[in-house]
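Colleague: Before I ask anything, let me first share the structure, which is written out below as structure tokens.
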Amino acid sequence: SQQGEEDPQALSIQEGENATMNCSYKTSINNLQWYRQNSGRGLVHLILIRSNEREKHSGRLRVTLDTSKKSSSLLITASRAADTASYFCATASYGQNFVFGPGTRLSVLP
Amino acid sequence: KAGVTQTPRYLIKTRGQQVTLSCSPISGHRSVSWYQQTPGQGLQFLFEYFSETQRNKGNFPGRFSGRQFSNSRSEMNVSTLELGDSALYLCASSLVGLDTGELFFGEGSRLTVL
């Protein structure tokens with residue numbers, strides 16, 4: 001069954017604005033990860049947050065995790081045209097399959 | 001450090017044929033996992049190999065199989081190809097396994113079935 005579900009499906013913003021994407025999941029997890037994919041390419045790992053962490057930063061990225069609500073959010077600050085891509089959350093649990101959400105397609109307009 | 005290498009990058013097959021895709025993980029990584037990506041179904045987990053043993057398998061028919069060699073290189077095979085098997089097949093390697101560590105992806109093998 002689908003674990004991670006991103007919201008919104010598509011997001012269009014101007015350069016310099018912030019972009020927020022949300023991810024919800026259904027079962028308990030060991031960690032949650034965010035990946036970026038440029039059109040037709042492989043995925044690039046952005047950030048991993050463990051189930052006992054609530055917030056993590058990496059450069060212009062900020063990820064939060066709320067295990068009580070089974071949700072996570074990815075914030076990209078001061079977006080750039082190069083941030084245009086699809087963003088996926090993925091959940092990992094011991095002994096379980098690694099499950100990706102359907103992704104959020106982000107367009108950053110110059 | 002070399003990244004994950006997938007070959008071939010593009011291939012075209014006809015229905016009923018079989019295909020073998022190859023994945024060379026990052027040196028030292030023992031976990032290799034495979035994913036199918038299609039516009040309709042998104043990214044779906046196929047299987048994971050760790051030290052030559054299949055640890056997890058997704059919900060795919062038996063036509064999809066894989067293996068891992070002692071040098072951690074992995075292959076996946078799809079037999080009796082169907083039109084619906086057209087997809088981007090992605091391989092990822094991980095140092096400790098996909099339930100605890102980050103994944104490093106290759107650029108994928110794009111399969112078209114005619």
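Colleague: Evaluate E = 1/(1 + (r/R0)^6) for residue B:71 and residue B:9, where r is the Cβ-Cβ distance and R0 equals 30 Å; express this FRET efficiency to the nearest 0.05.
Modeller: So, using R0 = 30 Å, E works out to roughly 0.90.
Colleague: Out of all DSSP beta bridges in the protein assembly as shown, what portion is antiparallel? Express it as a percent rounded to 5.
Modeller: The antiparallel fraction comes to roughly 90 percent.
Colleague: Given R₀ = 22 Å, what would the calculated FRET efficiency be for residue B:53 paired with residue A:26, taking r from the Cβ atoms and rounding to 0.05?
Modeller: Once rounded, the FRET efficiency stands at 0.20.
Colleague: Assuming R0 = 41 Å, can you tell me the calculated FRET efficiency for the pair residue A:107 and residue A:51, based on Cβ-Cβ distance, to the nearest 0.05?
Modeller: Here the calculated transfer efficiency is 0.85.
Colleague: Among B:34, A:34, what is the fewest-to-most ranking by other Cβ atoms within 10 Å?
Modeller: B:34, A:34
Colleague: Taking the protein assembly as shown, how many lysine pairs are there with alpha carbons less than 29 Å apart, if each pair must be eight or more places apart or span two chains?
Modeller: So the count of such lysine pairs works out to 11.
Colleague: Would you mind ranking A:45, B:29, A:57 so that the residue whose beta carbon has the fewest other beta carbons within 10 Å leads the list?
Modeller: So the ranking, lowest neighbour count to highest, is A:57, A:45, B:29.
Colleague: What is the distance, in nm, between label points placed 7 Å from the Cα along the Cα-to-Cβ direction at residue B:20 and at residue A:14?
Modeller: About 5.6 nm separates the two model spin labels.
Colleague: For a footprinting-style exposure proxy, rank A:66, A:7, A:83, B:85 by other Cβ within 10 Å, fewest first.
Modeller: Sorted ascending by nearby Cβ count, the order is A:66, A:7, A:83, B:85.
Colleague: Hey, another quick one. Explain nothing, just the number: relative contact order of chain A, from Cα pairs under 8 Å at least 6 residues apart, as a whole percent.
Modeller: Reported relative contact order: 39 percent.
Colleague: Beyond 15 Å, what percent of the Cα pairs of the stretch B:1-94 remain?
Modeller: For the stretch B:1-94, the share of Cα pairs beyond 15 Å comes to 57 percent.
Colleague: Measure off 7 Å from each Cα along the Cα-to-Cβ vector at residue A:81 and residue B:83, then give the distance between these two points in nanometres to one decimal.
Modeller: The two pseudo-label positions are separated by 3.9 nm.
Colleague: Could you grab the relative contact order for chain B? Cα pairs under 8 Å, six or more apart, rounded to a whole percent.
Modeller: 37
Every read-out reported here was derived from the displayed coordinates using simple, explicitly stated rules and does not represent laboratory data. What you see is a predicted model; the values in this text were computed from it and never measured. A quick note on method: Cβ atoms are made from the backbone with ideal geometry, for glycine too, and the neighbour counts reach across all protein chains shown.
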